[in-house]
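**Student:** Here's a structure for you.
The values are calculated or read from the model by the stated rules, or taken from the named source; none is laboratory data. In this text the structure is predicted, and so the values were computed from the model without any measurement. Cβ coordinates were reconstructed from backbone atoms using ideal geometry, including for glycine residues, and neighbour counts include every protein chain displayed.
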Amino acid sequence: MKGRAGSDSGRQGAESTTKAVGAAGGAPPRAVADRHARRVIDALARLRCTRPLASTPAAGDPASLRRAYLDLLKLTICDLIGPTTLTVLPTPDGGVLSRELRGELKQIRAIGMDWPYNGISMGGLMRLDDLDRCIETIANERVPGDLIEAGVWRGGAALFMRAALAAHGIEGDRVVVVADSFKGFRRDKGEPSAGRSAGLEGMLREIEYLAVSAAEVRENFARFGYTEGFEFIEGFFEETLPRLKGSRRWALIRLDGDTYTATRTGLEALYDDLVEGGFVIIDDYGWVEECRAAVEEFRAARGIEDRIEWVDWTCVRWRKGSGPGREPVRPPDLPLEDAVEQLGELQGVVNPRYGLELAPTPRIPTAREAELTLSLESAQAELAGMRERTHALNAELTGLRERLGELEQRCQKYEGALGRRITRRLRRAASLVLRHVR
Ligand SMILES: C[S@@+](CC[C@H](N)C(=O)[O-])C[C@H]1O[C@@H](n2cnc3c(N)ncnc32)[C@H](O)[C@@H]1O
C-alpha cells in the first residue's frame, strides 16, 4: 500500500512520529541519506511519472484565467505552492513519520505516493490533471449527471471537482456527492469487510491520521469559497452507497476507498447509473492488489470491455461506452511490474526506525520540538546525575564488600584458633576425668 496519512488529531511536528519509532538514535548519516535520496529520485524518474511543479500564468481571457485558477488550485490542494512541503510516510512498524521534502524530492508528493501533512488530497498532481481533463470533457460534450467521490479523506479531490464544475460554468443543478465514513476505515470486524479487505482495513483502521471528520472537510471547502453545490453522505459505504442506486445519474464516479469491499461496493451501487460517456476512476488499481481484483471481477461479471487507461503509476479510469482497447498500459508505457519494481526500490530505502532515509534539512523547529528538546536535555542531565550517583554507590559497595571479605577471613582465623584452644582444653579435661575414673 502506498504511503498515506491525515487529520488534525493525528498531526505531529515535522520529522516526528505518532509511535515512538526508536526513541534514541538520530537521523542516518548524511552520506547514507544522500545516497538514499538519489535512489528515490532515480526510481521516480524510472517511473516516468514526474510532473513539473508549475501553474499556468494568467492572461486576460476567460479560458486562460480558468486554466490558471485550476492549476493553482491543484498546487494548493497538494501543498506544492511553497519551496518545501511536508510529507507523511507510514513506517514498517505501523507508525507514521513526517518529513520535509524539497527540490526533486517534492515529486514524491507531486505524484501522490505519500500522505500529505498539510495538503488536502493524497492524489497528487497527475490525478488532479486527469480529473481536470475528465470534467473538461464532461463540459465540452455536455455529459449529464452528478459527480461522486467515495473515499474523500480531507476532501481535496472532491473540492477540485466542485471548483472545476464552477470554472467551466456547468455546476448548474449538478452536485458533487462527498461520500465517506468520515471516521477512517471500518473498525468493526463484522461482515462484509471481514472478507477480502480484512487485512488492509485492519492495518489502516489503526491509523488515526486517516479519519477526517465531515466538519473538517466542510471547513476545507469553505476556505476555498464553496459552501454549496455538494452533498455529504456520511457512513460506511456498505450501508450508504446501495441506497443511492437508481436515485440519480452520474457523469463521474471516483472510487478511493482502497479496499476490495469499498471498491466492489462502490461499483455495484453506482455503475449502473453512470451515463454513457461518463467516467469511472479507480485511485488504487495499480498499487492495491485487492482493489484491482474488485475491479477485474466486477468488469468480468458485467462483461465490461471499455478500455482501461492509466492516469499515473497507480490510478486508472475508463469511459463508459468507449469500447474495448488494448491491454491496459500506463501512459508512459511502463508495465505494472516495472512500476512495482521501482516502488520496491523506494521501499528499499525505508528504514524501520526512521521511515524514508533522507538527510534532515535545516528548518525552524516547532514549539513542540523545542519543548521536547528541553525535556530531553533535562532528562539527560538527570540521567547523568543518576549515573554519577550509581557510580559512587558502586564504589562504596565495592569497598564494603572488600571490608566484609577481610572480616570474614579474620573471623575464620579466629574461629580456627578458638576451636583449637577449646579442643586442647577438652582433651586435657577428658584425660583428667579418665585418670580420676581409673
Ligand atoms: C485513501 S483515502 C481517500 C483519499 C482522497 N480521495 C484524497 O484525494 O485525498 C480513503 C478514504 O476512504 C474512507 N473509507 C475507507 N473505507 C471506507 C468504507 N468502507 N466506508 C466509508 N468510507 C471508507 C476513509 O475514511 C478515507 O477517508
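**Student:** Kindly list, by first and then second residue, each pair from a residue in region 162-186 that is without any contact (Cβ under 8 Å) to a residue 60 or more places away in the chain to a residue that is assigned to a loop (DSSP other than H, G, I, E, B) and more than 16 Å from the ligand (Cβ to nearest atom), limited to pairs with Cβ atoms under 8 Å and residues at least 6 apart or on different chains.
**Tutor:** Hits for this filter: Glu171/Gly229; Val175/Gly229; Val176/Gly229.
**Student:** Hey, another quick one. How many of the residues making up region 151-162 are within 7 Å of the ligand (Cβ to nearest atom) and not β-branched (Val, Ile, Thr)? Write out each step before concluding.
**Tutor:** Going through region 151-162, the residues within 7 Å of the ligand (Cβ to nearest atom) turn out to be 151-154, 156-157.
Imposing the further condition that a residue be not β-branched (Val, Ile, Thr) reduces the set to 151, 153-154, 156-157.
Going through region 151-162 one residue at a time, the tally reaches 5.
**Student:** Determine if region 78-89 includes at least one residue that is without any contact (Cβ under 8 Å) to a residue 40 or more places away in the chain and more than 22 Å from Glu216 (Cα to Cα).
**Tutor:** Scanning region 78-89 turns up at least one residue that is without any contact (Cβ under 8 Å) to a residue 40 or more places away in the chain and more than 22 Å from Glu216 (Cα to Cα).
**Student:** I'd like the full set of residues that are among the charged types (D, E, K, R) and either over 23 Å from Trp318 (Cβ atoms) or near the ligand (Cβ under 9 Å from one of its atoms) (or both), limited to region 230-263. First the steps, then the outcome.
**Tutor:** Of region 230-263, the ones among the charged types (D, E, K, R) are 231, 234, 238-239, 243, 245, 248-249, 254, 256, 258.
Passing the criteria: Glu231, Glu234, Glu238, Glu239, Arg243, Arg254, Asp256, Asp258.
**Student:** Sticking with this one: Collect the residues in region 252-266 that are at pLDDT below 95 and among the acidic types (Asp, Glu), keeping them in residue-number order.
**Tutor:** Matches in region 252-266: Asp258 only.
**Student:** So for region 111-119 (the condition being under 18 Å from Glu309 (Cβ atoms), more than 12 Å from the ligand (Cβ to nearest atom) and at pLDDT below 95), does at least one residue qualify?
**Tutor:** If we filter region 111-119 for residues that are under 18 Å from Glu309 (Cβ atoms), which is where we start, we get 111-112.
Within this subset, residues satisfying the condition of being more than 12 Å from the ligand (Cβ to nearest atom) are 111.
Subsequent filtering for residues that are at pLDDT below 95 retains 111.
Checked against the condition, which is being under 18 Å from Glu309 (Cβ atoms), more than 12 Å from the ligand (Cβ to nearest atom) and at pLDDT below 95, region 111-119 yields at least one hit.
**Student:** To continue, here is another question. Looking at region 134-147, can you tell me whether even one residue there is over 18 Å from Thr85 (Cβ atoms) and near the ligand (Cβ under 9 Å from one of its atoms)?
**Tutor:** First pass over region 134-147, keeping only residues over 18 Å from Thr85 (Cβ atoms): 134-147.
With the extra rule that they be near the ligand (Cβ under 9 Å from one of its atoms), the set shrinks to none.
Taking every residue of region 134-147 in turn, none turns out to be over 18 Å from Thr85 (Cβ atoms) and near the ligand (Cβ under 9 Å from one of its atoms).
**Student:** Filter region 126-168 for residues that are farther than 24 Å from Pro62 by Cβ and charged (D, E, K, R) and give the result. Even if it seems obvious, please write down each step before you answer.
**Tutor:** Going residue by residue through region 126-168, those that are farther than 24 Å from Pro62 by Cβ are 126-127, 145-146, 148-158.
Across region 126-168, the qualifying residues are Arg127, Asp146, Glu149, Arg154.
**Student:** Tell me which residues, restricted to region 240-259, are more than 20 Å from the chain's Cα centre (by Cα) and of a type in the set (S, T, N, Q).
**Tutor:** Of everything in region 240-259, those that are more than 20 Å from the chain's Cα centre (by Cα) and of a type in the set (S, T, N, Q) turn out to be Thr240, Ser247.
**Student:** Of the residues Leu244, Leu255, which is out of contact with any strand residue (DSSP E or B) (no Cβ under 7 Å at 6 or more places or on another chain) and in contact (Cβ under 8 Å) with a residue 40 or more places away in the chain? Break it down into steps so the answer makes sense when it comes.
**Tutor:** Values: Leu255 fails: out of contact with any strand residue (DSSP E or B) (no Cβ under 7 Å at 6 or more places or on another chain).
When all the criteria are applied, what remains is Leu244.
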